[in-house]
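To start, the structure itself, in structure tokens.
The values are calculated or read from the model by the stated rules, or taken from the named source; none is laboratory data. Note that the coordinates shown come from a computational prediction; the quantities given were computed from them, not determined experimentally. So basically every Cβ, Gly included, is an ideal-geometry build from the backbone, and we count neighbours across all protein chains shown. Accessible surface is based on the protein model in full, side chains and every heavy atom, while ligands, DNA and RNA are left aside. Shrake-Rupley method; radii C 1.70, N 1.55, O 1.52, S 1.80 Å.
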Amino acid sequence: MSEETLTSTFTLLRRKFLRLASRFFPDEEDANDALQEAFCRLWPKRDEIDSRQEAEAMTVATVRNLGIDAYRRRQSVQWLELNEERDGGVAEPVSDELERREQFRTVEAIIDRHLTEVQRTIVRRREYDGAEFSEIAEELGMEEPAVRMQLSRARKTIRMCYQKLSENERTTGRHTESHP
């Protein structure tokens, strides 16, 4: 792929990539930094990228990976802050944030283990990327109602698995994220 093609693809899809980055980076400046980092990581590989779709997929994966890396760094810092507290109390905002992140990891594990490949793609394109149903349908060669149906089934599966995990945690008193 030429330099111009990669640059124009990135420019054309910047808003979409920014929406994705903002899911991982609440601060707009951090989200923009993540996009710049993704572009910088793709630039040396530009000759290996054959199409706009491939550039888009690689950018989405890179932004997502940068978000996961940032999350892990923040989590490490939060654990250090928790360990430094002498009174044994946990500050509420840190606790809430940790709980949300744990829920996110649990849902991610459910998506990876219990959904079909098509359902995983639809959920990630719709929920993470903010893609429209028509766009997803075109990409997957499906009719729009079929995409909506698969998303509905995927959400139902996620809900049922999450509820089952929550019930197991309440009855056993332990977290079983590794086996949803």
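R101 - would you say it is closer than 25 Å to A21 by Cα, touching a Phe, Trp or Tyr at 6+ places or on another chain (Cβ under 8 Å) and part of a helix (DSSP H, G or I)?
Answer is yes for this residue.
Residue by residue through region 117-172, note down the ones that are closer than 30 Å to L35 by Cβ and of a type in the set (S, T, Y).
Within region 117-172, T121, Y128, S134 meet the criteria.
Filter region 128-159 for residues that are modelled with pLDDT under 90 and on the phi > 0 side of the Ramachandran plot and give the result.
Of everything in region 128-159, just one residue is modelled with pLDDT under 90 and on the phi > 0 side of the Ramachandran plot, namely G130.
Has region 78-88 got any residue that is more than 24 Å from F17 (Cα to Cα), open to solvent by 60 Å² or more (accessible area, probe 1.4 Å), small (G, A, S) and at pLDDT 90 or above?
no
Within region 1-29, which residues are open to solvent by less than 80 Å² (accessible area, probe 1.4 Å) and under 17 Å from Y128 (Cβ atoms)?
Residues satisfying the conditions are L13, K16, F17, L18, L20, A21, S22, F24, F25.
Is it the case that region 92-103 has a residue that's among the polar types (S, T, N, Q), closer than 30 Å to F10 by Cα, at pLDDT 80 or above and open to solvent by 40 Å² or more (accessible area, probe 1.4 Å)?
Checked against the condition, which is being among the polar types (S, T, N, Q), closer than 30 Å to F10 by Cα, at pLDDT 80 or above and open to solvent by 40 Å² or more (accessible area, probe 1.4 Å), region 92-103 yields no hits at all.
Take the residues of region 34-70 that are farther than 14 Å from F10 by Cα and within 18 Å of the chain's Cα centre (by Cα): which is most open to solvent (accessible area, probe 1.4 Å)?
N65
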